[in-house]
Amino acid sequence: MDASDRETLAKVPALTLGFWTIKILATTLGETGGDAVSMSMDFGYLVSTVIFMAIFVTSVLFQIRAASFRPFLYWATIIASTTVGTTLADYATRSLGIGYTGGSSLLLALLLACLIVWHRALGRVDIGSIDTPKAEFYYWLTIMFSQTLGTALGDWTADTAGLGYLGAAAIFSILLLMVVLSYYFTNISRTGLFWTAFILTRPLGAVAGDFLDKPVLEGGLELSRYTATGVLFAAIIVLIFMLPQRAAKIAH
């Protein structure tokens, strides 16, 4: 690949079926992995958040310094964002006592504020514009807020709304299907649909992760958090090798 080719590629992956498959697995792993550290290891939400935030910030710095798209680095950063999102949301909704409704509302406001600031600063918020360190910074900050919101939203749907893990998973799956249909049959902004789908995959993964490791009496399968996390991690590694991993093109 020559210099001119490199200049046309972003450091984030193209939006393929493989991308969304790995994204859902990563968000599910974020739930089981975050719970494993905060609950099973008994570190608590605050200490676990500090640990995962340090990993996330370090991963983002490596991602920004990378010269091109590196699949394993990218997905490691996504996993770091979803684990910190899990423990941060749990800390906000449980330790701070604002509840799932308050936590979801606060995090939605922060996410929308981040997108607005990003758009005003750079003019665009689509993945085809992720070609500068500043754009990458906004991209990863938005992702972290979306992962955190998704955790709180998943808990709100499953618990506060009383739908349970499977009911919540069905709701988010239907919403994602509506986004897919909108992509193919409407002229709704592709950027808006991307961020909507990106946000919705997180609560889907959150309730799927809870279904795997929560007690049977609470509607889960009560699997080991360590086992579930390990299996999900192995599946992600296999899919990164098996599925096409190409960089998105930068739109000029």
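Any chance region 68-77 includes a residue that's charged (D, E, K, R) and surrounded by 24 or more Cβ atoms within 10 Å (Cβ to Cβ)? Among the residues of region 68-77, not one is charged (D, E, K, R) and surrounded by 24 or more Cβ atoms within 10 Å (Cβ to Cβ), which makes the answer no.
A count restricted to region 115-128 and to residues that are free of Cβ contacts under 8 Å to residues at least 12 places away in the same chain and either of a type in the set (S, T, N, Q) or buried (at least 19 other Cβ atoms within 10 Å of the Cβ) (or both) stands at 0.
Of the residues that make up region 93-112, is at least one of a type in the set (S, T, Y), modelled with pLDDT of 90 or more, surrounded by fewer than 24 Cβ atoms within 10 Å (Cβ to Cβ) and within 25 Å of V37 (Cα to Cα)? So far as region 93-112 goes, no, none of its residues is of a type in the set (S, T, Y), modelled with pLDDT of 90 or more, surrounded by fewer than 24 Cβ atoms within 10 Å (Cβ to Cβ) and within 25 Å of V37 (Cα to Cα). Taking the listed residues S105, S129, S182, S173, the one that is hydroxyl-bearing (S, T, Y) and within 17 Å of the chain's Cα centre (by Cα) is S173, with no other qualifying.
Here is a yes/no grid of residues against (1) modelled with pLDDT under 90; (2) of a type in the set (A, V, I, L, M, F, W, C); (3) out of contact with any Lys or Arg (no Cβ under 9 Å at 6 or more places or on another chain):
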| site | (1), (2), (3) |
| --- | --- |
| T157 | no, no, yes |
| A161 | yes, yes, yes |
| A168 | no, yes, yes |
| V180 | no, yes, yes |
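Pairs meeting the criteria (first residue in region 86-114 and closer than 12 Å to W156 by Cβ and touching a residue at least 12 places away in the same chain (Cβ under 8 Å), second residue of a type in the set (D, E, K, R) and part of a helix (DSSP H, G or I), beta carbons under 6 Å, at least 6 apart or on different chains) are Y100/D155. In this structure, T86 qualifies as surrounded by 19 or more Cβ atoms within 10 Å (Cβ to Cβ) and more than 25 Å from K249 (Cβ to Cβ). Residues in region 185-195: is at least one at pLDDT 95 or above, within 19 Å of the chain's Cα centre (by Cα) and not hydrophobic (A, V, I, L, M, F, W, C)? No, the conditions are met nowhere in region 185-195. Residues in region 130-148 that are more than 18 Å from A67 (Cβ to Cβ) and crowded, with 20+ Cβ neighbours inside 10 Å: Y138, T142, I143, M144, F145, S146, Q147, T148.
The values are calculated or read from the model by the stated rules, or taken from the named source; none is laboratory data. Everything numeric in this text was worked out from a predicted model, so none of it was measured. In this analysis, Cβ positions are derived from the backbone assuming ideal geometry, glycine residues included, and neighbour counts consider all displayed protein chains.
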